[in-house]
Amino acid sequence: MSRGFYIGRFQPYHNGHQAVLERIACSSDEIVIGVGSAQFSHTVANPFTAGERVLMLTRSLEDLGCPFYVIPIEDVQRNALWVAHVRSMTPPFDTIYSSNPLVMQLFSEAGMDVLSPDMYERHTHSGTEIRRRMLDGEPWEHLVPTAVVDVINEICGVERLQRIAGSD
Ligand code: ATP
Ligand code: MG
């Protein structure tokens, strides 16, 4: 049984993440997905709660064709302990898929296999760019799975982001 691990903040989950997960699905029996910085929500950089992000992922991956687990993971303020923290919260996994330099470094130092998936249209498909579009009232819906559009509309996510970005 081979299990792959993928982690992100998913603020929000977008088509770039989806493209990577669809690729990983073909090379693992199961996938463990960590929702990082789980304790944050209602900020401009982290507008959505861990639970809302779990919904975005779970609904978007319904047809993945590979069993997956979505697990919120809070930050620890000590990078040296982070891998042990992640592993204490997740089903055992053998391969890490990440392009994040710190994530790659920490798992490599722990002696684990790290693979770096190719980026999918990174210029437009980034959480930062999608949040900017939401704030500026520009189209963002085409950059995320339709299930994510539904979740964000359901929670009035764009309105939330625009309100918390306002000044008093
Ligand atoms: P932000 O701009 O808020 O950091 P992000 O798009 O980088 O958002 P994260 O949740 O930080 O999304 O990323 C999770 C993982 O997905 C990271 O390893 C990141 O490198 C990867 N990733 C992000 N965008 C893409 C993309 N377009 N194609 C492939 N992988 C991506
Ligand atoms: Mg990022």
Practice item. Would you compute, from DSSP H runs of 4+ residues alone, the mean residue ellipticity of the chain at 222 nm, taking -39500 (n - 2.57) per run and dividing by the full residue count, rounded to the nearest 500? Key: -12000 deg cm²/dmol
Study note, to complete from the structure: Taking the dipole of segment 3-165 about the Cα centre (Lys, Arg +1; Asp, Glu -1; charges at Cβ), the one of A19, F68, V35 that reaches farthest to the positive side is V35
Check your understanding: Using the Karplus equation 6.51 cos²θ - 1.76 cosθ + 1.60 (θ = phi - 60°), what ³J(HN,Hα) coupling, rounded to whole Hz, does each residue of segment 40-52 give in order, writing x for Gly and Pro?
Key -> 8, 6, 6, 10, 5, 7, 9, x, 9, 6, 4, x, 5
Review point. Given Cα pairs under 8 Å that are at least 6 residues apart, what percent is the relative contact order of the chain?
Key: 30 percent
Revision key, fill the gap. Scalar couplings 3J(HN,Hα) for segment 27-39 by Karplus 6.51 cos²θ - 1.76 cosθ + 1.60 (θ = phi - 60°), nearest whole Hz, x for Gly and Pro, are 10, 10, 6, 9, 10, 9, 10, x, 9, x, 6, 5, 6
Practice item. Express in Å², to the nearest 10, the accessible area of M119 obtained by rolling a 1.4 Å probe over the protein heavy atoms while all chains stay in place. Key: 120 Å²
Study note, to complete from the structure: Per 10 angstrom bin, beginning at 0 and ending with the bin that holds the maximum distance, the Cα pairs of segment 129-168 fall in percents of 29, 59, 11, 1
**Study point:** Rounded accessible area per residue of segment 1-119, 1.4 Å, Å²
**Key:** 48 Å²
Check your understanding: For T124, what accessible area in Å² do you get when you roll a 1.4 Å probe over the heavy atoms of the protein chains, rounding to the nearest 10?
Key -> 40 Å²
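Using only the Cα atoms of segment 58-109, construct the convex hull and provide its projected area averaged over every direction, in square nanometres to one decimal. Walk me through the numbers before you get to the answer.
Values: hull surface 17.8 nm².
So the mean shadow area of the Cα hull is 4.5 nm².
Suppose we take every Cα in segment 20-84 and form the convex hull; what volume per residue is that in Å³?
Numbers: hull volume 7.0 nm³, N = 65.
So the per-residue hull volume is 107 Å³.
Regarding segment 3-165, what's the average projected area of the Cα-atom convex hull, expressed in nm²? Walk me through the numbers before you get to the answer.
Details: hull surface 35.7 nm².
Projected over every direction and averaged, the Cα hull of segment 3-165 covers 8.9 nm².
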Review point. Rounded to the nearest 10 Å², what accessible area does I155 show when all protein chains are kept and the probe is 1.4 Å?
Key: 40 Å²
Check your understanding: So, with a 1.4 angstrom probe, what is the percent of accessible area on segment 3-165 that is carbon and sulfur?
Key -> 51 percent
Revision key, fill the gap. In order over segment 122-128: 3J(HN,Hα) from phi, Karplus 6.51/-1.76/1.60, θ = phi - 60°, whole Hz, x for each Gly or Pro, gives 4, 4, 9, 8, 9, x, 4
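The values are calculated or read from the model by the stated rules, or taken from the named source; none is laboratory data. Predicted model, so just to flag it, every value in this text is computed and none were measured. In this analysis, Cβ positions are derived from the backbone assuming ideal geometry, glycine residues included, and neighbour counts consider all displayed protein chains. Quick note on the areas: whole protein, heavy atoms, side chains included, nothing else; ligands and nucleic acids left out. Shrake-Rupley method; radii C 1.70, N 1.55, O 1.52, S 1.80 Å.
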